[in-house]
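Engineer: Input: one structure, supplied below.
The values are calculated or read from the model by the stated rules, or taken from the named source; none is laboratory data. In this text, all values refer to a predicted model and were calculated from it rather than measured experimentally. Cβ placement follows ideal geometry from the backbone for every residue including glycine, while neighbour counts extend to all protein chains displayed.
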Amino acid sequence: MQFIDLTIPLGVGTPAWPTYEPLQLKYFKRLAPNGANGQLLTHSNHLGTHLDGEIHFHTPGKDIASLELDFLIHDAAIVDLSDACGDYDIYTSKMVEERVEVREGDILIIHTGYHHFGWDSPYADEIRYMVKHPGPDREFAEWAKAKNMAVTCRKVIAGSGRAR
């Protein structure tokens, strides 16, 4: 089994989701006077790499701790659309299926290339990363739902294919 790391670096420069609080770091102890550094770290739930539980959108829904690990690990199809997508572009299920086989229940990982604009990149552009990135059309959403898929499209490795 191959694991694919989808995390993005977390730091005080990581942009939070619009209208959410950013990461804040406060020292309450310092090495010289206290013998150790002590820090208080606070951030909202929409910062960096995260997964929203059902409870985020549905009050009686499950929280993340209620998910079985098997729910998060599955076969994946990886598609590179970076040569076909630019600012505000729309991608379709047809564009995906022309490049990779997508099976029912797959996790679909979409490489758009927009991770190059993340806050930790030499080409950092917060507006392009957070606002102008490509996205799917409505038909894509219906197609993904019919295939019982999970989809991610942020910081992803290049190339198309399958992972297990």
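Engineer: Quick one: how many residues across region 5-45 are in a loop (DSSP other than H, G, I, E, B), small (Gly, Ala, Ser) and modelled with pLDDT under 95? If you could, list the steps in order and put the result at the bottom.
Structural biologist: Of the residues in region 5-45, the ones in a loop (DSSP other than H, G, I, E, B) are 5-15, 17-23, 30, 35-37, 43-45.
With small (Gly, Ala, Ser) added as a condition, the list becomes 11, 13, 35-36, 44.
Checking which are modelled with pLDDT under 95 leaves us with 11, 13, 44.
Here the count works out to 3.
Table: residues versus (1) within 28 Å of Leu47 (Cβ to Cβ); (2) crowded, with 17+ Cβ neighbours inside 10 Å.
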{"residue": "Asp80", "(1), (2)": "yes, yes"}
{"residue": "Asp83", "(1), (2)": "no, no"}
{"residue": "Glu98", "(1), (2)": "no, no"}
{"residue": "Ile107", "(1), (2)": "yes, yes"}
{"residue": "Gly118", "(1), (2)": "yes, yes"}
{"residue": "Asp125", "(1), (2)": "yes, no"}
{"residue": "Trp143", "(1), (2)": "no, yes"}
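Engineer: Working only within region 77-101, note down all residues that are at pLDDT below 95 and over 25 Å from Asp125 (Cβ atoms).
Structural biologist: Across region 77-101, the qualifying residue is only Ala77.
Engineer: Next up: Given the conditions (1) of a type in the set (A, V, I, L, M, F, W, C); (2) over 18 Å from the mean Cα position of the chain (by Cα); (3) surrounded by 13 or more Cβ atoms within 10 Å (Cβ to Cβ), report the number of the one that Ile64 does not fulfil.
Structural biologist: (2)
Engineer: Testing Arg99 on (1) basic (Lys, Arg); (2) within 26 Å of Pro22 (Cβ to Cβ); (3) touching a residue at least 60 places away in the same chain (Cβ under 8 Å), one condition comes back false. Which one is that?
Structural biologist: Condition (2) is where Arg99 drops out.
Engineer: Further, regarding this structure: Taking region 2-21 as the search range and keeping residues that are closer than 16 Å to Ile127 by Cα and among the β-branched types (Val, Ile, Thr), which one is surrounded by the fewest Cβ atoms within 10 Å (Cβ to Cβ)?
Structural biologist: Thr19
Engineer: Filter region 135-149 down to the residues that are outside any loop (DSSP other than H, G, I, E, B) and in contact (Cβ under 8 Å) with a residue 12 or more places away in the chain, then identify the one that is nearest to Gly86 (Cα to Cα). Walk me through how you get there before you give the answer.
Structural biologist: Of the residues in region 135-149, the ones outside any loop (DSSP other than H, G, I, E, B) are 135-136, 138-146.
So of that shortlist, the ones also in contact (Cβ under 8 Å) with a residue 12 or more places away in the chain come out as 135-136, 139-140, 143-144.
Values: Gly135: 10, Pro136: 12, Glu139: 19, Phe140: 17, Trp143: 22, Ala144: 22 Å.
Within region 135-149, the match that is nearest to Gly86 (Cα to Cα) is Gly135.
Engineer: How many of the residues in region 37-69 are among the aliphatic types (A, V, I, L, M) and touching a strand residue (DSSP E or B) at 6+ places or on another chain (Cβ under 6 Å)? Don't jump to the end; show me each part of the working.
Structural biologist: From region 37-69, those among the aliphatic types (A, V, I, L, M) are 40-41, 47, 51, 55, 64-65, 67, 69; that's our starting set.
Cutting the leftovers down to touching a strand residue (DSSP E or B) at 6+ places or on another chain (Cβ under 6 Å) gives us 40-41, 47.
Residues flagged as among the aliphatic types (A, V, I, L, M) and touching a strand residue (DSSP E or B) at 6+ places or on another chain (Cβ under 6 Å) within region 37-69 amount to 3.
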